[in-house]
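Undergrad: Dropping a structure here in structure tokens format, bear with me for questions.
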Amino acid sequence: MAKQYVNTTVNGDQMEVLCDPTQTLLDVLRDELDMTGTKEGCGTGDCGACSVMLDDVLVCSCLVLGIEANGKSVETIEGMATGEDLHPLQRKFIDHVALQCGICTPGLLIASKALLEENPDPTEEEIRYWLAGNLCRCTGYHKIIEAVQDAAAEMRGN
Amino acid sequence: MSYEAPETLDAAVGLLAGESGQVKVLAGGTDVLVQIHADMIEPDVIVDIKKIAEMREVTNEDGAWRFGAAVTGKELMDHPGFNAAWPGIMDGVRLLGSVQVRGRATVGGNVCNASPAADSVPPMITAKAVATVVGPNGTREVPVEDIGIAPGKTSLEAGEFVVSFQLPKRPARSGDAYLRFTPRTEMDIAVVGCAVNLALDDAGICTDAIVSLGAVAARALIVDAAAKALIGTTVDDAAMEVLAAAASAAATPIDDKRGTVEFRTEVAGVLAQRAAAIALERAKS
């Protein structure tokens, strides 16, 4: 099967990759680019573990073909911290112990960041609705909500 | 499997008509990619229609909206004018999957995936949306209710695909609404769905109505008896009783893990009343 050439920008870096047309963006990130921060949970768009930003839109990378990323910009968990400085959401997830096994965490962080870019001061209900597409089997969600609220407050300068 | 992303309708029609193997049209991909990876379909060619400009547009011509079949749920949600004009369609769009899914999923895909439980379909039907379909034999106009005909099956001919949806100009004092019942508020599939679109005259009498039920038959239904229950009334309690009975009577659901026949039949009537009440409020405001 002929591989197809994909030229995409991942976390600001231009990347070229040859991919099989059946490979998802998730497959390309993990298997071709060795960026394994983005996790595979269900592979059907139900769990949100593979959440990334594609041209500034929050998507499940398991529901995007790798070739569809050609000419587009992808943001993953690997681009969230600035060098050694964690993003406020990352710090607050640690402070609030908003994770246990960690498989859902990259997706939840990407989804939470997208929420705060659209709504810097979300209510608990708004956070819960926004994160409905991200499943966590460990925490019971409460600590995640607290972490997002705390990070939002810090990012607003409170 | 090969991947093609034509930039014009003509090129897409040519690709679809010229392919002898199995071809699948790709819009948001939130159903198609799942089907590919579950080996439910094994397309030889994927034709991605998202690079065709007219399939990505939302336009308003003198109050009559048209939107492309590749417009995402998020793009519609981010369109204030469309939200104000068709709140009932947006009730359905907001219930499609998660934020992540709505970033990709399209109403065109929801219609063409032909699930009887598709949330955007009943309100598109009650809006009297008409799909513009192209294919090897040219262009034709198809009412949305005639596209999905059974679970996973559409009336589209080989090589045909939906380009866009045309909505009629809304009369003054009209409103629409969609409600569904699900055990979970988000990320769930409708056990029952109901859309109502109605118009009032200056005295508050309902002059036109259309009611559609989802998830209670092999395809979304139009319930004429339910609409007749509202027309000529002020949508008062008596009319609501007749409406609920008509909606329940029209429901021919299956028993499955999501709901029993008895439950779905009763909920069809309850949702019809509640959706009508919301549509009425929107018509008056």
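The values are calculated or read from the model by the stated rules, or taken from the named source; none is laboratory data. Since we're looking at a predicted model, the values are computed, not measured. Here the Cβ positions follow ideal geometry from the backbone for every residue, glycine too, while neighbour counts run over all protein chains shown.
This table checks each residue for (1) within 14 Å of chain A (Cβ to nearest Cβ); (2) touching a residue at least 40 places away in the same chain (Cβ under 8 Å); (3) among the hydrophobic types (A, V, I, L, M, F, W, C).
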| residue | (1), (2), (3) |
| --- | --- |
| B:Val163 | no, yes, yes |
| B:Asp176 | no, yes, no |
| B:Leu198 | no, yes, yes |
| B:Ser212 | no, yes, no |
| B:Arg219 | no, yes, no |
| B:Ile222 | no, yes, yes |
| B:Ala227 | no, no, yes |
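Undergrad: So, restricting to strands (runs of 3 or more DSSP E) that lie completely within the range B:1-115, which ones have at least 1 residues that are surrounded by 15 or more Cβ atoms within 10 Å (Cβ to Cβ) and within 15 Å of the chain's Cα centre (by Cα)? Working first, answer last.
TA: Values: elements: B:2-4, B:23-26, B:45-48, B:58-61, B:64-68.
Output list reads B:64-68.
Undergrad: Does A:Gly48 satisfy being assigned to a loop (DSSP other than H, G, I, E, B), small (Gly, Ala, Ser), buried (at least 21 other Cβ atoms within 10 Å of the Cβ) and in contact (Cβ under 8 Å) with a residue 12 or more places away in the chain?
TA: On the way: assigned to a loop (DSSP other than H, G, I, E, B): yes; small (Gly, Ala, Ser): yes; buried (at least 21 other Cβ atoms within 10 Å of the Cβ): yes; in contact (Cβ under 8 Å) with a residue 12 or more places away in the chain: yes.
Against the criterion (assigned to a loop (DSSP other than H, G, I, E, B), small (Gly, Ala, Ser), buried (at least 21 other Cβ atoms within 10 Å of the Cβ) and in contact (Cβ under 8 Å) with a residue 12 or more places away in the chain), A:Gly48 qualifies.
Undergrad: If you don't mind, another one. Could you tell me whether B:Gly103 is over 23 Å from A:Ala132 (Cα atoms) and at pLDDT 95 or above?
TA: On the way: over 23 Å from A:Ala132 (Cα atoms): no; at pLDDT 95 or above: yes.
No.
Undergrad: Would you please list the contacts, defined by Cβ atoms under 8 Å and residues six or more apart or on different chains, that run from a residue in the range A:83-112 that is assigned to a loop (DSSP other than H, G, I, E, B) to a residue that is aromatic (Phe, Trp, Tyr) and crowded, with 24+ Cβ neighbours inside 10 Å?
TA: Partner pairs satisfying both residue conditions: A:Leu99/A:Phe93.
Undergrad: Just to check your reading of the model, which residue among B:Arg219, B:Arg184 is in the same structural domain as B:Ala247 (by TED's automatic domain parsing), out of contact with any strand residue (DSSP E or B) (no Cβ under 7 Å at 6 or more places or on another chain) and either part of a loop (DSSP other than H, G, I, E, B) or at pLDDT 95 or above (or both)? First the steps, then the outcome.
TA: Details: B:Arg219 fails: out of contact with any strand residue (DSSP E or B) (no Cβ under 7 Å at 6 or more places or on another chain).
That would be B:Arg184, the only listed residue that is in the same structural domain as B:Ala247 (by TED's automatic domain parsing), out of contact with any strand residue (DSSP E or B) (no Cβ under 7 Å at 6 or more places or on another chain) and either part of a loop (DSSP other than H, G, I, E, B) or at pLDDT 95 or above (or both).
Undergrad: Next up: Given the options B:Leu95, B:Leu76, name the one that is within 14 Å of another protein chain (Cβ to nearest Cβ), at pLDDT 95 or above and in contact with an Asp or Glu (Cβ under 8 Å, 6 or more places away or on another chain). Before the answer, list the steps.
TA: Numbers: B:Leu76 fails: in contact with an Asp or Glu (Cβ under 8 Å, 6 or more places away or on another chain).
Answer to the check: B:Leu95.
Undergrad: Scan the range A:14-35 and give yes if some residue there is more than 10 Å from chain B (Cβ to nearest Cβ), closer than 24 Å to A:Trp130 by Cβ, charged (D, E, K, R) and surrounded by fewer than 24 Cβ atoms within 10 Å (Cβ to Cβ), otherwise no.
TA: No, the range A:14-35 contains no residue that is more than 10 Å from chain B (Cβ to nearest Cβ), closer than 24 Å to A:Trp130 by Cβ, charged (D, E, K, R) and surrounded by fewer than 24 Cβ atoms within 10 Å (Cβ to Cβ).
Undergrad: For the range B:223-246, how many residues meet the condition of being touching a strand residue (DSSP E or B) at 6+ places or on another chain (Cβ under 6 Å) and assigned to a helix (DSSP H, G or I)? Break it down into steps so the answer makes sense when it comes.
TA: In the first step, residues of the range B:223-246 are kept if they are touching a strand residue (DSSP E or B) at 6+ places or on another chain (Cβ under 6 Å); the result is B:223, B:226-227, B:230-231, B:233, B:235.
Applying the additional criterion that residues be assigned to a helix (DSSP H, G or I) yields B:226-227, B:230.
Residues that pass the stated criteria total 3.
Undergrad: Return only the number of the condition from (1) surrounded by fewer than 20 Cβ atoms within 10 Å (Cβ to Cβ); (2) at pLDDT 95 or above that A:Leu108 does not satisfy.
TA: Among (1) surrounded by fewer than 20 Cβ atoms within 10 Å (Cβ to Cβ); (2) at pLDDT 95 or above, A:Leu108 violates only (1).
Residue by residue, here is whether (1) farther than 20 Å from B:Thr30 by Cα; (2) touching a Leu at 6+ places or on another chain (Cβ under 6 Å); (3) β-branched (Val, Ile, Thr); (4) not assigned by TED's automatic domain parsing to the domain that holds A:Asp31 holds:
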site: A:Val57; (1), (2), (3), (4): no, no, yes, no
site: A:Cys62; (1), (2), (3), (4): no, yes, no, no
site: A:Glu68; (1), (2), (3), (4): no, no, no, no
site: A:Glu75; (1), (2), (3), (4): no, no, no, no
site: A:Lys92; (1), (2), (3), (4): yes, no, no, yes
site: A:Val97; (1), (2), (3), (4): yes, no, yes, yes
site: A:Cys101; (1), (2), (3), (4): yes, no, no, yes
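Undergrad: With within 13 Å of chain B (Cβ to nearest Cβ) and either aromatic (Phe, Trp, Tyr) or surrounded by fewer than 24 Cβ atoms within 10 Å (Cβ to Cβ) (or both) as the only criterion, which of A:Asn70, A:Asn7, A:Asn11 stands out? If you could, list the steps in order and put the result at the bottom.
TA: Working: A:Asn7 fails: within 13 Å of chain B (Cβ to nearest Cβ); A:Asn11 fails: within 13 Å of chain B (Cβ to nearest Cβ).
Within the list A:Asn70, A:Asn7, A:Asn11, the selection yields A:Asn70.
Undergrad: Another question, then. Looking at B:Ala117, B:Ala105, which one is within 14 Å of another protein chain (Cβ to nearest Cβ), touching a residue at least 12 places away in the same chain (Cβ under 8 Å) and either aromatic (Phe, Trp, Tyr) or under 23 Å from B:Pro143 (Cβ atoms) (or both)? Outline the logic, then answer.
TA: Details: B:Ala117 fails: within 14 Å of another protein chain (Cβ to nearest Cβ).
Going through B:Ala117, B:Ala105 in turn, just one is within 14 Å of another protein chain (Cβ to nearest Cβ), touching a residue at least 12 places away in the same chain (Cβ under 8 Å) and either aromatic (Phe, Trp, Tyr) or under 23 Å from B:Pro143 (Cβ atoms) (or both): B:Ala105.
Undergrad: Same structure again: Does the range A:48-56 include one or more residues that are in contact with a helix residue (DSSP H, G or I) (Cβ under 8 Å, 6 or more places away or on another chain), more than 7 Å from chain B (Cβ to nearest Cβ) and over 24 Å from B:Lys51 (Cα atoms)? Give the derivation first.
TA: Residues of the range A:48-56 that are in contact with a helix residue (DSSP H, G or I) (Cβ under 8 Å, 6 or more places away or on another chain), as a first pass: A:48-54.
Within this subset, residues satisfying the condition of being more than 7 Å from chain B (Cβ to nearest Cβ) are A:49-50, A:52-54.
Subsequent filtering for residues that are over 24 Å from B:Lys51 (Cα atoms) retains A:49-50.
Within the range A:48-56 (the criterion being in contact with a helix residue (DSSP H, G or I) (Cβ under 8 Å, 6 or more places away or on another chain), more than 7 Å from chain B (Cβ to nearest Cβ) and over 24 Å from B:Lys51 (Cα atoms)), the answer is yes, since at least one residue qualifies.
Undergrad: A further question follows. How many residues does the range A:125-158 hold that are touching a residue at least 12 places away in the same chain (Cβ under 8 Å) and either in contact with a strand residue (DSSP E or B) (Cβ under 6 Å, 6 or more places away or on another chain) or within 14 Å of chain B (Cβ to nearest Cβ) (or both)?
TA: Number satisfying all stated conditions: 10.
Undergrad: Moving on. Taking the options A:Gly48, A:Gly12, name whichever one is closer than 16 Å to A:Lys113 by Cβ and in contact with a Cys (Cβ under 9 Å, 6 or more places away or on another chain).
TA: Values: A:Gly12 fails: in contact with a Cys (Cβ under 9 Å, 6 or more places away or on another chain).
On inspection, the qualifying residue turns out to be A:Gly48.
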